Amino acid sequence: MTERRRSGAPDHTPAIAEFEKLREHIRGSARAALGITGVQGVPPLRETVRHAGVGWYPLAALGLLVIVDEFQGYGFFVLGPEISRTLGISAGMLAALVALKTVAMTLAALPMAALVQRRAGRNTVAVTTAFAWSVATMFTGFVAGAWGLLLVMLADGASSGSVNAVHAPLVVDSYPPAARVRVLVAYRSFAQTGNITAPLLVALLVGAFSFTWRGVFIVMGCLSVLVAVVAVRLQDPGYGRFDANAVRDVVAGAVGDRPGTVDEDVHLGFFEIVSRLLLIPTIRRILAAFAVLGMAMVPLFTFLFFFLEDRWDMGPSARGLFFAVMPLFSIGALAWFAPRGEAMFRQDPGRLVRLTALFIGGGTALLALAIFVPAFWLMAALFGSALAMLGLVLPCLNVAMLSIVPPRMRPHASALAGMSMSAVGGFGGLLLLGGIDRRFGTGGAIASLAGPGIIAALVLFGAARTIGSDLDRMVDEMVERVELDHLRARGRMPSMLACRRVDFSYGQLQVLFGVDFTVDDGEMVALLGTNGAGKSTLLRVISGLGLPSAGTVRFGGADVTYVAAERRLALGVAQVPGGRAVFPTLSVVENLRLYQFSLGRDRRARERGIETAFEAFPQLAERRSLPAATLSGGEQQMLGLAKALVLRPRLLLIDELSLGLAPIIVAELLEAVRRINAAGTAVVLVEQSVNVALSLVDHAYFMEKGQIRFDGSSRDLLAREDLLRSVFLEGAERTGRMR
């Protein structure tokens with residue numbers, strides 16, 4: 001049992017150990033609640049939806065919106081040659097306008113995700129933007145030149161950002177996990193229906209009613225407005241309506257207690273969420289696959305319409321009919337795949353990702369093959385088969401991606417996927433195909449897409465290996481939040497600082513391995529170990545200067561794992577870095593004034609903090625106007641400690657307090673640390689000197705090779721010669737070198 005220095009501090013080890021065992025016991029049940037059952041059987045979709053009591057309107061409304069969202073883009077693709085001749089714009093310029101529209105759509109998705117990250121309002125964003133892109137589609141018919149076309153393309157792209165940011169997360173949150181793959185596939189089928197409706201509408205309006213390309217866009221804009229009106233009753237079901245609540249109920253059943261609320265005490269900001277998502281290995285691989293896939297898909301249709309005109313002499317009506325038929329292949333494939341993909345995901349998500357990799361590689365290979373066949377019917381069959389395989393990719397990647405991230409982060413993940421595919425991949429593909437088109441023609445440009453497709457497939461095979469562990473990691477985080485809620489309900493408050501199973505890497509070099517580290521309110525502990533053991537790295541993770549690749553950091557029970565360092569300072573976490581605790585060119589008082597800004601606008605409190613620091617360190621008061629660089633090493637460490645007196649943190653992290661200082665100076669600094677701790681601040685002291693550290697604390701941790709090897713009283717640590725010998729030898733070698 002861990003001994004604590006402060007007699008009044010509670011020991012939470014039994015509660016923590018209890019829930020560590022509980023987590024292992026209920027992980028399987030929690031995965032099943034999220035739809036990962038380990039078996040292939042799936043209940044009928046209609047029965048699943050009826051049992052959940054949600055109905056079909058959310059899927060239908062979002063599906064109709066994504067259909068009309070295709071109008072402007074497909075109309076532009078089909079009528080590209082006519083628009084080019086009327087406005088005097090080259091094919092390359094049209095492709096560039098499409099790329100700019102794609103960038104606008106991608107960038108708009110990010111602020112939309114930020115807008116809805118704290119409160120549910122995705123339905124309002126979806127409907128409002130639908131009206132906006134309807135107007136942009138209508139005004140496409142009135143443009144008189146390249147600049148006007150650019151404006152309507154940007155407006156349509158910016159409003160279409162909601163499709164990337166909120167549509168898929170809304171679908172996922174509106175239906176239970178047992179229906180997740182099938183409803184996403186159904187949503188994708190609506191999108192493919194839009195791919196039929198738009199070119200067919202163009203063919204009908206141009207061929208049967210002799211509309212010009214301008215009239216086509218006006219009609220499509222009016223139809224889009226009508227669909228937006230139909231979708232106004234769309235509601236936001238809330239984040240994790242089925243996911244988080246299901247896990248909550250599983251934990252509640254396991255502990256035999258009333259269900260608590262699953263929420264985070266510290267809400268992450270937009271960039272904190274993005275940083276957290278990019279630390280998930282599967283997400284990184286899926287985003288990379290989206291980028292490579294975007295190189296193939298985003299500029300494809302612009303070049304494909306010119307290929308049909310040049311190679312097969314097809315006019316606008318014929319091109320419209322051709323692309324009205326192509327999505328039928330995708331819709332048939334989606335209908336066949338939906339129950340099979342659901343069963344595969346429920347049994348093993350990795351299998352679904354591997355199959356998706358095969359879809360990408362096979363689809364792009366068929367596109368390249370279709371360019372060179374001599375028969376029109378064979379070319380059409382190959383194109384249809386390729387688009388059918390590629391049409392299965394988006395729902396598969398969406399379900400894999402959105403199932404391993406917390407519910408509130410799903411809009412951000414969707415927006416990042418859109419950015420990877422459209423902006424990163426789209427521009428890359430535009431450069432690739434544009435250069436090849438000039439040298440080898442449109443057919444050669446399309447054939448070159450097989451290369452990016454194979455690369456994307458290889459990247460996804462890597463994601464298939466990591467998705468299982470990333471899913472377990474998300475489940476553990478959700479379970480931990482519920483566990484802490486139950487602890488609070490029982491009056492068993494968690495430790496002030498609790499690091500659980502923390503991993504950290506510098507690039508490919510892993511430094512921390514499953515570190516568990518706790519500090520109670522007002523406690524002072526020592527963190528010991530040899531050079532390179534990971535002590536300073538652990539402090540960086542606690543203070544927010546480094547984000548872990550796995551595990552959690554909780555402060556006062558709130559999850560701060562991915563909260564930025566400046567926000568942790570406001571919460572009460574401060575660090576004195578070893579040898580780098582001051583700004584050398586600023587004066588002593590200027591250093592302290594920099595720290596005091598975190599106290600807000602209370603000027604009296606700020607000045608009082610500085611005076612308190614000068615009272616504690618009279619030497620600093622005498623040198624208040626001197627640059628910090630002119631201070632001695634001991635005085636600079638005093639200045640670093642003085643900021644703790646200014647900030648009054650709840651937790652102070654001190655790295656290498658005694659490094660390179662004379663014993664008499666070290667004694668003064670240790671006394672200052674005692675005073676800071678006596679005032680109520682918890683202290684974590686990282687020290688190379690065992691004697692210095694253990695003269696100050698009774699509770700110590702010992703690290704070796706990135707792992708905690710000892711957690712207990714300093715008295716017990718002194719008895720562990722196997723651990724301390726390396727530290728004493730290292731200190732002796734350092735002393736010998738100094739001599």
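Derivation of every value follows stated rules applied to the coordinates shown; laboratory data play no part. Bear in mind that the values here come from a model prediction, so they are computed numbers and not experimental data. All Cβ positions, glycine included, derive from the backbone under ideal geometry; neighbour counts span all protein chains shown.
Taking 7 Å steps out from each Cα toward its Cβ at Asp313 and Glu590 produces label points 8.0 nm apart. Database remark: amide H of Ser587 closer than 5 angstrom to the amide H of Ala628 (H placed geometrically; neighbours at sequence offset of 5 or more, or on other chains; Pro and chain starts carry no H). Restricting attention to the chain, the count of lysine pairs at 8 or more positions apart or across chains with alpha carbons under 30 Å apart stands at 4. Entry for segment 505-738 at q = 0.12, 0.13 Å⁻¹: log10 I(q)/I(0) = -0.67, -0.79, Debye formula applied to identical alpha-carbon scatterers, no solvent contribution.
Would you mind getting me the FRET efficiency between Arg233 and Arg118? Use the beta-carbon distance for r and R0 = 30 Å, nearest 0.05. Calculated transfer efficiency: 0.80. Here the dipole of segment 101-257 is about 100 debye; that uses its Cα centre as origin and unit charges on the Cβ of Lys and Arg (positive) and Asp and Glu (negative). The dipole here belongs to segment 505-738: it is taken about the Cα centre, uses +1 on the Cβ of Lys and Arg and -1 on the Cβ of Asp and Glu, and is about 700 debye.
Farthest towards the positive end of the charge dipole of segment 505-738, among the residues Ala533, Leu652, Ala564, is the Cα of Ala564, using unit charges on the Cβ of Lys, Arg, Asp and Glu.
Spin-label model, Ala146/Leu659: points 7 Å from Cα along the beta carbon direction are separated by 5.8 nm.
Peptides 564-576, 371-383, ordered by how many other C-beta atoms sit within 10 Å of their residues on average, highest first, read 564-576, 371-383. With 0.36 nm allotted per residue and the present C-alpha distance subtracted, the Ala570-Trp56 stretch has 180.5 nm of extension available.
Summarising the label geometry, the points placed 7 Å from Cα in the beta-carbon direction at Tyr506 and Val225 lie 6.2 nm from one another. Rounded to the nearest 20 debye, the dipole size of the chain about its Cα centre is 560 debye, using +1 on the Cβ of Lys and Arg and -1 on the Cβ of Asp and Glu. The fewest-to-most ranking of Asp69, Asp476 by surrounding Cβ atoms within 10 Å reads Asp476, Asp69. Shape summary of segment 24-477, radius of gyration then Dmax from alpha carbon positions: 21.6, 73 Å. Residue order for Lys705, Lys643, fewest other beta carbons within 10 angstrom first, comes to Lys705, Lys643.
When the charge dipole of the chain is built from unit charges on Cβ atoms (+1 for Lys and Arg, -1 for Asp and Glu) and taken about the Cα centre, the candidate among Ala629, Val515, Ala144 whose Cα reaches farthest toward its positive end is Ala144.
Stretched out straight at 0.36 nm per residue, the stretch from Ala335 to Glu622 would grow longer than its current Cα-Cα span by 95.3 nm. Given R0 = 22 Å, the distance between the Cβ atoms of Glu82 and Ala208 translates into a calculated FRET efficiency of 0.85. Amide H contacts of Asp559 (H built 1.01 Å from N, in plane; Pro and chain starts excluded): Asp265, Val266 sit under 5 Å, all sequence-distant by 5 or more or on other chains.
Computed on the Cα trace of segment 330-373, the radius of gyration divided by the Kirkwood hydrodynamic radius gives Rg/Rh = 1.10.
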